[in-house]
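*Asks:* Here's a structure for you.
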Amino acid sequence: MAKPVIEIRELVKVYHLGEVDVRALDGVDLTVDEGEFVAIMGPSGSGKSTLMNIIGCLDRPTSGAYVLDGADVSQLSRDERAIIRNAKIGFVFQSFNLLARTSSIENVELPLLYGDFAGSRADRHQAALDSLHRVGLQGREANHPSQLSGGQQQRVAIARALVTNPAIVLADEPTGNLDSRTSIEIMGIFQDLNDDGKTIVLITHEPDIARHAKRIVHVRDGKIQEDEHNQQDRIERPGAAGSQPAARVSAG
Amino acid sequence: MRNSFVRLGNITVVGLKSIARNKMRSLLTALGIVIGVACVIVSVAIGAGVAQSVSEMINSLGSNYIMIMPGTSTQSGARMFTGQSTLSEDDAEAIRREVPAVAYVSPNLRTAAQVVAGELNWSTSIQGVGIDWPNIRSWNVEDGSFFTEGDVRSGSKVAVLGKTVADSLFPNGGAAGSIIRIKNVPFRVTGVLEKKGGSMMGSDQDDVIVAPYTTVMKRLMGQNRFGMIIASAVSAEEVPNAMDQIDALLRQRHRIPQGGDADFMMRSQEEIAQANAQQVGLMRNLLLGIAIVSLFVGGIGIMNIMLVSVTERTREIGIRMAIGARGRHVLLQFLFEAVTLSVLGGLLGVLFGIGVAKLIEKAIKWPIVVSPEAIVVAFVVAATIGIFFGFYPARKASKLDPIDALRYE
């Protein structure tokens, strides 16, 4: 039995909009185990963004419990949440959110500047390089985001999310700004990471994207409506072991 | 402990990179500080230079020097400045005879003229003086001799050249004994004065021709107008005494009652130096005022651009917070940026200020002393301004909500 990474009980989030109270989350229970690949789906206004903000420790619930990687994080202060985000969560955003006019390698190094990374400058550089290699971005270390395609920028963002070796990778509509071919590439990377044991939580409203996950959670009106196991749609990757082009070259 | 130190270093790296990414804007932002610090450097340099040259001037002119200038005359209660000088040759003679505290007396008239020697000509100032003049100014003739009492009495057309004039009119030497023409009047050069150098206010003291005052009055100025009288006391201690005695004598001679306004003015060398210093000090204070205003405006400029920067980079702040930047990381980053901007501005300002100071020294020959203390003070001021005016924007940045900041377009 895998150990749970995310344990959410009776989670409620109420927004006060003038006189009206809006219950964005109305009693959510969710457990995600280590090594899972969960897609959280729902239409806009369903509460999935609020859920993502709380899972990502960007926001605090009004009530309920949230245990992340064994620690109760539901009532932490701003700075404590920043420390948790740095150490345990790797964010991937729809609009990539890389620092402009900053090289890929520096973007990837950024989380290490704010955390407890004990290594030297060279170690930091090496960690960032390793992370970029992991998402297949060799030779682009010095490029600025404006010199990269959307897919490449999202790879840099994924490398940045991975560099601190977080407990979960939290991807918020990571393919929302990408064409369908690049979207599939990015989902392939997530599947590879998941194969290596990374826990991935994906927030999306597109069924085509969600079907690449192993489990799909439907959110509606602040509640979990459906929680289903999904027959994962595997992506054939040209770089994967089975279809190595090198084999053909040596045959010919 | 070590870790937090490393992290602080990381934050400074973050701030530096951000400045490097916006070079032009950073430069413009720091401009107010640049000008302010440059003004501080220049004003302090001028002040220090003046203080130094006041003492130099007193030494170079002799501390017993007294200047008596014609003033306004009062006739039937109406104070007026007549064309005629209120001083005369007889006054000078009376001072020589009757004031024991005075060692030397000389009339002193000034005019300007074009001087010609052979093919060469030179425009300079002509001083008409008596034979005591070299003693009063402690200024000797190095080549040839000074004119004699007989020359003064008879109004001979003789002259002594300052070093600059001699070098300009007689580049190959041989000035003494030659004939020059001043306003078309031929003068025989009896000697050349030793080099004296620049005066406190930057004029070249060697750019001068000295001739008997009688000759200057009659031949060059074409009128019987007398100038001022210069004198020197027997010793520095006797200067106040000499001034009192001269005052009493001239009042008596000019029939000015006790307590009435004198029709002449008197300055000792020290007073002249102080007056000049005061003038320069005024200039320095003005510059210092500009410096303070400029630094303040520069500080507001930094605050303004940092506020713009915080708004513009709201998303960046959101990204940084999302990946783990704490409030104080963001605060320190922006504070560090502000301080770096102002200190860079301070550095440029110091260089600029030294440049301007050198330029002033060259152009208007004011004495300038750039002191290391001024540079340190300017730096500290610049850094303080950066902290003071950078704090509010930095705090604002650190208080942003990461969710809102990430959503900011």
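Computed from the coordinates by the stated procedures, all read-outs in this text should not be read as laboratory data. Keep in mind it's a predicted model, so treat the numbers as computed, not measured. Neighbour counts are summed over all protein chains in view; Cβ atoms, including those assigned to glycine, are modelled from backbone coordinates with ideal geometry.
*Asks:* Separation between the residue B:145 and residue A:221 pseudo-spin-labels, each 7 Å from Cα along Cα→Cβ, expressed in nm?
*Replies:* About 12.6 nm separates the two model spin labels.
*Asks:* Further, regarding this structure: Taking neighbour Cβ counts within 10 Å as the exposure measure, how do B:294, B:232 sort from fewest upward?
*Replies:* B:294, B:232
*Asks:* Quick check: residue separation of residue B:401 and residue B:16 times 0.36 nm, minus the Cα distance between them. What number comes out in nm?
*Replies:* Here the answer is 136.2 nm.
*Asks:* Note down the Stokes-Einstein diffusion coefficient of the range B:274-371 in µm²/s, whole number, using a Kirkwood radius over alpha carbon pairs, 37 °C, and 0.692 mPa s.
*Replies:* The Stokes-Einstein estimate is 197 µm²/s.
*Asks:* Before rounding to the nearest 500, sum -39500 (n - 2.57) across all DSSP H runs of length at least 4 in chain B and divide by the residue total; then give [θ] at 222 nm in deg cm²/dmol.
*Replies:* -18500 deg cm²/dmol
*Asks:* Restricting the count to DSSP beta bridges whose residues both fall in the protein assembly as shown, what percent are antiparallel, rounded to a multiple of 5?
*Replies:* 70
*Asks:* For the range A:137-150, take each phi angle, set θ = phi - 60°, evaluate the Karplus expression 6.51 cos²θ - 1.76 cosθ + 1.60, and give the result in whole Hz per residue in order, putting x for glycine and proline.
*Replies:* 10, 6, x, 10, 4, 8, 6, 8, x, 5, 9, 10, 6, x
*Asks:* Using the Cβ atoms and a cut-off under 11 Å, what net charge is assigned to the surroundings of residue B:114, where Lys and Arg are +1 and Asp and Glu are -1?
*Replies:* Taking every other residue near residue B:114 into account, the sum is +2.
*Asks:* Could you work out how much longer the chain between residue B:358 and residue B:383 gets when fully extended? Use 0.36 nm per residue separation minus the Cα distance between them, nm to one decimal.
*Replies:* 6.5 nm
*Asks:* Would you work out the relative contact order for the range A:6-51, in percent, from Cα pairs under 8 angstrom that are 6 or more residues apart?
*Replies:* It rounds to 36 percent for the range A:6-51.
*Asks:* Also, quick follow-up: For the pair residue B:307/residue B:392, report the inter-label distance in nm, with labels modelled 7 Å from Cα in the Cβ direction.
*Replies:* 0.6
*Asks:* Run lengths n ≥ 4 of DSSP H only: what is the helix-derived mean residue ellipticity at 222 nm for chain A, with -39500 (n - 2.57) per run over all residues, to the nearest 500?
*Replies:* My calculation for chain A gives -10000 deg cm²/dmol from helical runs alone.
*Asks:* Does chain B come out rounded, prolate or oblate by the C-alpha gyration tensor, with a ≥ b ≥ c the root eigenvalues, rounded set by a/c under 1.5 and, if not, prolate when a/b is larger than b/c and oblate if not?
*Replies:* It is prolate, given that a/c is not under 1.5 and a/b is the larger ratio.
*Asks:* Also, I was wondering about something else. In peptide A:75-87, how many Cβ atoms from other protein chains are near each Cβ within 10 Å, on average?
*Replies:* 4
*Asks:* Work out the P(r) tail for the range B:72-262: percent of alpha carbon pairs separated by more than 21 Å, whole number.
*Replies:* So the pairs more than 21 Å apart make up 55 percent of the total in the range B:72-262.
*Asks:* Rank the residues A:85, A:181 as a footprinting-exposure proxy: fewest other Cβ atoms within 10 Å of their Cβ go first.
*Replies:* Lowest count first: A:181, A:85.
*Asks:* Percent relative contact order of the range B:72-262, based on C-alpha pairs within less than 8 angstrom and at least six residues apart?
*Replies:* So the answer I get is 29 percent.
*Asks:* From Cα coordinates alone, what are the radius of gyration and Dmax values for the protein assembly as shown in angstrom?
*Replies:* My reading of the Cα-based Rg and Dmax gives 43.5, 129 Å.
*Asks:* Here's something else I'd like to know. Quick check on the range B:133-240: take the gyration tensor over C-alpha atoms, sort the square-rooted eigenvalues as a ≥ b ≥ c, and tell me if it's rounded (a/c under 1.5), prolate or oblate.
*Replies:* It comes out oblate by the Cα gyration axes.
*Asks:* Can you give the average number of partner chain beta-carbon atoms within 10 Å of each beta-carbon in peptide B:310-323, as a whole number?
*Replies:* Counting other chains' Cβ atoms within 10 Å and averaging over B:310-323 gives 5.
*Asks:* Give me the angle, in degrees from 0 to 90, between the Cα long axis of helix B:269-312 and the longest principal axis of the Cα atoms of chain B, rounded to the nearest 10.
*Replies:* With rounding to tens, the tilt is 20 degrees.
*Asks:* Rg and Dmax in Å for the range A:86-132, alpha carbons only: what are they?
*Replies:* Over the range A:86-132's Cα set, Rg and Dmax evaluate to 10.9, 32 Å.
*Asks:* What is the fewest-to-most order of A:92, B:377, B:370 by other Cβ atoms lying within 10 Å of their Cβ?
*Replies:* Arranged by neighbour count, lowest to highest, A:92, B:377, B:370 become B:377, B:370, A:92.
*Asks:* Sticking with this one: Angle, helix A:180-195 long axis vs. longest principal axis of chain A, Cα atoms, 0 to 90°, nearest 10?
*Replies:* Tilt relative to chain A: about 80 degrees.
*Asks:* Quote the relative contact order of the range B:250-409 in percent (integer), defining contacts as alpha-carbon pairs under 8 Å separated by 6+ residues.
*Replies:* That works out to 37 percent.
*Asks:* Output ³J(HN,Hα) for the range A:31-44: one whole-Hz value per residue in order, computed from phi by the Karplus curve 6.51 cos²θ - 1.76 cosθ + 1.60 with θ = phi - 60°, and x for Gly and Pro.
*Replies:* Listing the rounded values in order: 10, 10, 8, 4, x, 7, 10, 9, 9, 9, 10, x, x, 5 Hz.
*Asks:* May I pose another question? Anything over 22 Å Cα to Cα? Flag those among A:48/A:214; A:13/B:396; A:3/A:214; A:3/A:223; B:23/B:399; B:157/B:183, in the order listed.
*Replies:* A:13/B:396; A:3/A:223; B:23/B:399
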